[in-house]
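Structure, as structure tokens:
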Amino acid sequence: MSEAEPRIDTSVPQSARIWNYFLGGRDNYEVDRAAGDEVIKMFPGIVDGARGARYFLARAVRHLAEEEGVRQFLDIGTGLPNVDNTHQIAQSVAPTSRVVYVDNDPLVLAHARALLSSSPEGVTDYIDADLREPEVIIEAVRPVLDLGQPVALMLMGILGHIEDYEEARSIVRRLVAALPSGSFLVHYDSTSTSEEYVAAADFYNARATVPYILRSPEQLGGFLEGLRVLEPGVVSCSRWRPDTLALGLPAEIHQYGGVGRKP
């Protein structure tokens, strides 16, 4: 990783920083907060959606570490550090877990050292790379991850930045193909299931340098094609194995996710 100071453009809103704002983080700028506030006005459910998606990440990682015995995690498009990062969840269950984060955002790069706080027994690393170059990513992680052993591939809220759906599916297929049998794909993205959310996304996309595309739940399910999808399938993130059902199913959010196992 280069020691050169990355250039951070604060003149336009950026999705990772806005998402950080929705999650209550501090790694954002006035331009991000202003855009985020406008989105909240148009679609107040976005805050619950962001937090519900974050809880889904935590539950999915915990399940894979506790129940499936996964000890390697490849988190692409990780975004900015926040609570319950992948390495924190995985290494709290299995301290020997090895976690590699991949992103190409300058602010994330500037905060990379915050992600490198591994347990003494495990490994946490960060790679500056682009999701659109899956083969480059796979080669870059080989010194850290044993690709002969199962890996959990995490694509959390990132595929919406690939505007062409077939290109996005191709990226997923190429990444999964490089992983051994018994590996997992954990994925969520935002859906076009709310007219207000669609309008808010259009507002954001008109101002952002990198648009974010909302897709149908069926399209999101297509990313797990060919995998054995764990119950309850591709569902609203809040309803993927919630911690308690004492009060019934949680309210749905417009972020859908699922977990699939490579045969």
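What follows draws every value from the coordinates through simple rules; no lab data is involved. On a predicted model such as this, the values are computed, not experimentally measured, just so you know. Counting neighbours? That spans all protein chains shown, and the Cβs are built from the backbone with ideal geometry, glycine included.
Sequence-distant contacts, meaning Cα pairs under 8 Å at least 6 residues apart, place the relative contact order of the chain at 19 percent.
Just check the chain against the gyration tensor rule for me: Cα atoms, a ≥ b ≥ c as the square roots of the eigenvalues, rounded for a/c under 1.5, and otherwise prolate or oblate depending on whether a/b exceeds b/c. Verdict is rounded for the chain. Counting other Cβ atoms within 10 Å, which trypsin sites (Lys or Arg not before Pro) in segment 204-263 have at most 16 and lie in a DSSP loop? For trypsin sites (Lys or Arg not before Pro) across segment 204-263 that sit outside H, G, I, E and B with at most 16 neighbouring Cβ atoms in 10 Å, the list reads R207. A cut-off under 12 angstrom between Cβ atoms defines the neighbours of I158, and their net charge, with Lys, Arg +1 and Asp, Glu -1, is -4.
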